[in-house]
1. For residues that are free of Cβ contacts under 8 Å to residues at least 60 places away in the same chain, outside any helix (DSSP H, G or I) and either within 14 Å of Glu82 (Cβ to Cβ) or out of contact with any helix residue (DSSP H, G or I) (no Cβ under 9 Å at 6 or more places or on another chain) (or both), tally how many sit in region 10-22.
2. For Asp36, all conditions in the list (1) in a helix (DSSP H, G or I); (2) within 25 Å of Val3 (Cα to Cα) hold save one; what is the number of the exception?
3. When region 37-95 is examined, which residues are found to be of a type in the set (A, V, I, L, M) and under 15 Å from Phe16 (Cβ atoms)?
4. Determine which single condition Val50 fails, assuming it passes every other condition in (1) touching a strand residue (DSSP E or B) at 6+ places or on another chain (Cβ under 7 Å); (2) open to solvent by 70 Å² or more (accessible area, probe 1.4 Å).
5. Checking Tyr70 against (1) surrounded by 10 or more Cβ atoms within 10 Å (Cβ to Cβ); (2) over 26 Å from Asn4 (Cβ atoms), which single condition isn't satisfied?
6. Would it be correct to say that Asn4 is part of a loop (DSSP other than H, G, I, E, B), touching a residue at least 24 places away in the same chain (Cβ under 8 Å) and out of contact with any strand residue (DSSP E or B) (no Cβ under 9 Å at 6 or more places or on another chain)?
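The values are calculated or read from the model by the stated rules, or taken from the named source; none is laboratory data. Treat the numbers as computed from the prediction; the structure is a model and nothing was measured. Every residue, glycine as well, gets a Cβ built from its backbone with ideal geometry; the counts of neighbours run over all protein chains shown. In case anyone asks, the SASA skips ligands and DNA or RNA and just uses the protein heavy atoms, side chains included. Shrake-Rupley method; radii C 1.70, N 1.55, O 1.52, S 1.80 Å.
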Amino acid sequence: FTVNSSEKYKQDIKLFEGSALQIISRADIYHYRLRDDVLNGIDKIKTGLVIGEGYNTPEQLIDGGGISQYEMSSLSFKAIQELDNNQKGHTHDIESLKLQNQYLIQKLNHLESLIGEQN
């Protein structure tokens, strides 16, 4: 399934500035059975979004009575980018803390050796 994504098919193109993670986090995922399946004797529980009053399904994903898979994939793609950036920031913080910890251990060892010399 390919979606025409060439700029020649689009207009009013702007960079997405929001948080896809925030949008996804507000959505609720449900277990359900399809009515047609039940009528046909199929007892299969499905998992997904539900459109209707009282269900938390992001407006960005709703296309009539269905869910736009292209929108869902795009938001998921953006959320992965956000998570990757968060992870890179955490990795940097961890490396910095490791260096600080190593420095403090060396300083503590030095101070302990000075105390030992005085005793």
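1. 7
2. (2)
3. In the first step, residues of region 37-95 are kept if they are of a type in the set (A, V, I, L, M); the result is 38-39, 42, 45, 49-51, 61-62, 67, 72, 75, 79-80, 83, 94.
Matches in region 37-95: Leu61, Met72, Leu75, Ala79, Ile80.
4. Here Val50 meets the rest and fails (2).
5. It is condition (2) that Tyr70 fails.
6. Answer is no for this residue.
The rows are residues; the columns are (1) touching a residue at least 24 places away in the same chain (Cβ under 8 Å); (2) surrounded by 10 or more Cβ atoms within 10 Å (Cβ to Cβ); (3) of a type outside the set (Ser, Thr, Tyr); (4) out of contact with any Ser or Thr (no Cβ under 9 Å at 6 or more places or on another chain).
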site	(1), (2), (3), (4)
Lys8	no, no, yes, yes
Ile24	yes, yes, yes, no
Asp37	no, yes, yes, yes
Lys44	no, no, yes, yes
Asn56	yes, yes, yes, yes
